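*Asks:* This is the structure I want to talk about, given as structure tokens.
Computed from the coordinates by the stated procedures, all read-outs in this text should not be read as laboratory data. Every value quoted in this text rests on a predicted model; they were computed, and no experiment measured them. Reconstructed Cβ throughout: ideal geometry from the backbone, glycine too, with neighbour counts over all protein chains shown.
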Amino acid sequence: EESAHRRGDKKVVAVVGGGLVGALNACFFAKRGFEVEVFETREDIRKAKVVKGRSINLALSHRGRQALKHVGMEDKIVSKGIPMNARMIHSLSGKQSPIPYGKKGQYILSVDRANLNKELLTEAETYPNTTLNFDHKLQDWRAETGLMTFARPDGSKTQTQADLIVGCDGAFSAVRKQFLRRSRFNYSQTYIPHGYMELTMPPRNGEFAMKPNYLHIWPRNTFMMIALPNLDKTFTCTLFMPFEEFEKITTGDEVIEFFQKYFPDAIPLIGAAALRRDYFRLPAQAMVSVKCSPYHIGDKCVLMGDAAHAVVPFYGQGMNAGFEDCIVFDEIMNQFNEDFSVVLPEYSRVRVPDDHAIADLAMYNYVEMRAHVNSKWFIFRKHVDNLLHLLMPKTIIPLYTMVTFTRTRYHVAVERWHWQDKVSFFLLLFNFPL
Ligand SMILES: Cc1cc2nc3c(=O)[nH]c(=O)nc-3n(C[C@H](O)[C@H](O)[C@H](O)COP(=O)(O)OP(=O)(O)OC[C@H]3O[C@@H](n4cnc5c(N)ncnc54)[C@H](O)[C@@H]3O)c2cc1C
Ligand SMILES: COc1ccc2c(c1)CN(c1nc(C(=O)N(C)c3cc(Cl)c(F)cc3C(=O)O)c(Cl)s1)C2
């Protein structure tokens with residue numbers, strides 16, 4: 001029967017969550033001519049001052065760029081990103097060793113999260129068939145009818161119906177909550193013992209304090225710090241450490257002592273006074289890994305982005321994977337002529353194995369980095385990867401290359417990686433002329 005809430009002839013798509021994936025998804029659906037309604041808990045961040053407590057910048061790579069390209073946003077976002085052509089490994093002695101990501105054109109971009117979110121919201125708004133509703137917190141919804149209930153800041157409630165509900169409301173998704181009540185819905189979440197804290201490295205004499213076109217890494221097994229450049233010539237440093245280690249450091253002196261021991265070269269670059277102050281500004285944030293399946297309910301609701309698969313950040317792929325979700329869904333919409341009753345199950349069938357694979361990869365890399373990776377090991381491994389790739393470009397492709405610079409399905413990249421590990425072990429064993 002005619003759906004009551006159809007405006008004109010096109011169906012209504014409700015995107016819950018106006019974060020990175022929700023804002024991008026709104027563009028994908030609007031481009032197809034749907035009536036798009038975005039519902040976002042927070043106020044319009046384009047009017048707000050600072051969004052606190054989120055990772056300030058992110059690494060954008062191929063998968064994410066392809067999604068942005070699809071809605072004509074790639075050039076605008078890339079122009080405001082800072083290319084990182086290589087990692088810069090900081091050893092305990094302060095020695096810096098660059099390791100290229102690949103051939104010349106193979107670089108990743110440091111992009112500002114808040115700006116990316118603003119640009120995507122503004123782009124979504126340019127579509128006449130798109131409405132952004134801020135200060136709308138989804139509280140409840142029903143799969144049978146597509147009826148949603150939102151809480152407003154003044155305590156009032158509003159309701160609206162949609163033909164399709166797209167849950168892009170992040171790792172603690174309210175849309176996903178309804179999935180948990182249904183039979184045959186699989187769900188798992190893991191908080192890792194590490195937390196993360198962001199520290200700012202200011203410019204020095206008006207210039208970047210370190211070489212800007214690198215992803216700076218201080219790998220120290222249990223501890224790790226990374227730094228990505230910002231357009232204002234600062235670096236955002238992210239310190240990863242077990243919560244119990246964060247809790248041991250309670251005074252400014254202890255902060256300096258800790259950095260003296262593990263990241264001595266960073267003290268003058270961040271500044272001892274700033275370090276003493278900023279370390280206590282915000283508590284360390286938790287990192288959770290969420291896996292679930294299926295991603296849909298009937299022809300009514302589908303989860304994308306962190307709402308479907310929150311991953312630990314140790315591959316820099318969370319947003320890239322969420323952005324790629326949008327392309328994959330769009331491709332399936334083309335294949336099955338926008339018939340939600342076919343598109344949604346097909347999307348789960350295709351995408352669950354890949355998003356689970358990247359979740360596993362990121363967790364694997366977290367365990368790997370925590371256990372083995374100090375500067376020497378990191379440098380050695382990456383050089384071996386690059387050497388084998390040089391000798392047998394078609395046979396050995398480093399895993400991070402497949403993940404970061406191609407759209408090889410994540411689960412296929414993992415399968416190849418397992419195969420390659422056997423082959424290269426075999427080759428080394430029979431001392432293939434390396
Ligand atoms: C430290 C750290 C570093 C990272 N680095 C990278 C990186 O380098 N590269 C990368 O690709 N990814 C990275 N990520 C991952 C990336 O941040 C996430 O994958 C990405 O933000 C997911 O986007 P999303 O839109 O799905 O969710 P979110 O960005 O969480 O957006 C969800 C939105 O939904 C809204 N919302 C929540 N609940 C409701 C509700 N009930 N009703 C309405 N709205 C609601 C929220 O306000 C928010 O705006 C990193 C993550 C962390 C924590
Ligand atoms: C804003 O906060 C964050 C937090 C973590 C990350 C990022 C941004 C961006 N990240 C990227 N990771 C890769 C990668 O593939 N691997 C295997 C790596 C994984 C780790 Cl943990 C690392 F330190 C270096 C590399 C590396 O290879 O350079 C990229 Cl490529 S980008 C991790």
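*Asks:* Each residue of the range 306-319 in order: what ³J(HN,Hα) in whole Hz does its phi give by Karplus 6.51 cos²θ - 1.76 cosθ + 1.60, θ = phi - 60°, with x for Gly and Pro?
*Replies:* In residue order, the calculated couplings are 4, 4, 9, 7, 7, 10, 5, x, 7, 9, x, 10, x, 5 Hz.
*Asks:* Using a 10 angstrom cutoff on alpha carbons, build the Gaussian network for the chain and name the most mobile of Leu109, Leu164, Leu282.
*Replies:* Leu282
*Asks:* Can you give the angle from 0 to 90° between the axis of helix 410-429 and the longest principal axis of the chain, with both taken from C-alpha atoms, to the nearest 10?
*Replies:* Roughly 30 degrees, rounded to the nearest 10.
*Asks:* I've got another one for you. Mind giving me the nanometre distance, one decimal, between the label points for Val78 and Arg204, set 7 Å out from Cα along Cα→Cβ?
*Replies:* Between Val78 and Arg204, the simple spin-label model gives 3.2 nm.
*Asks:* Ok, one more. Based on the inverse mean of 1/r over its pairs of different Cα atoms, what is the Kirkwood hydrodynamic radius of the range 49-141, in Å? Spell out each step's value before the answer.
*Replies:* Numbers: mean 1/r = 0.0624 Å⁻¹.
For the range 49-141, the Kirkwood estimate is 16.0 Å.
*Asks:* Sticking with this one: Taking every pair of Cα atoms in the range 134-290, average 1/r, invert it to obtain the Kirkwood radius, and report Rg/Rh to two decimals. List each step's numbers first, then the result.
*Replies:* Numbers: Rg = 21.6 Å, Rh = 19.1 Å.
Ratio of gyration radius to Kirkwood radius: 1.13.
*Asks:* Something else about it: Taking 7 Å along the Cα-to-C-beta vector as the label spot, tell me the Met392-Asn186 distance in nanometres, rounded to one decimal.
*Replies:* Calculated label separation equals 3.2 nm.
*Asks:* Name the residues whose placed amide hydrogens come within less than 5 Å of the amide hydrogen of Phe223, ignoring near sequence neighbours (fewer than 5 apart) on the same chain.
*Replies:* Placed amide hydrogens put nothing under 5 Å from Phe223.
*Asks:* Continuing with this model, one more query. Starting from one equal scatterer on each C-alpha and no solvent at all, send me the Debye-based log10 I(q)/I(0) for the range 6-101 at q = 0.10, 0.20 Å⁻¹, two decimals.
*Replies:* -0.44, -1.13
*Asks:* With θ set to phi - 60° and the Karplus curve 6.51 cos²θ - 1.76 cosθ + 1.60, what are the ³J(HN,Hα) couplings of the range 233-249 in order, to the nearest whole Hz, using x for Gly and Pro?
*Replies:* 6, 8, 10, 9, 8, 10, 9, 10, 7, x, 3, 5, 6, 4, 5, 6, 8
*Asks:* Ratio to report: Rg/Rh of the chain, with Cα atoms as the point set and Rh obtained by the Kirkwood method; give two decimals.
*Replies:* Details: Rg = 22.6 Å, Rh = 23.0 Å.
Rg/Rh: 0.98.
*Asks:* For the range 358-434, I need the span (max minus min coordinate) of the C-alpha atoms along each principal axis, in Å, sorted largest to smallest.
*Replies:* Principal extents (Cα only, largest first): 35, 29, 19 Å.
*Asks:* Could you state the angle between the C-alpha long axis of helix 340-372 and the longest principal axis of the C-alpha atoms of the chain, as a value from 0 to 90 degrees rounded to the nearest 10?
*Replies:* Orientation of helix 340-372: about 20 degrees from the principal axis.
*Asks:* In vacuo Debye scattering of the range 136-204, one point per C-alpha: log10 I(q)/I(0) at q = 0.20 Å⁻¹?
*Replies:* Log-scaled intensity ratios, in q order: -0.92.
*Asks:* Most mobile of Phe329, Phe150, Phe258 per a Gaussian network model of the chain (Cα springs, under 10 Å)?
*Replies:* Comparing Phe329, Phe150, Phe258 in the GNM, the peak value goes to Phe258.
*Asks:* If the elastic network links every pair of Cα atoms under 10 Å, which of Asp44, Asp360, Asp325 fluctuates the most in the Gaussian network model of the chain?
*Replies:* Asp44
*Asks:* State the dimensionless ratio Rg/Rh of the range 294-396 (Rg: radius of gyration of Cα atoms; Rh: Kirkwood radius).
*Replies:* 1.13
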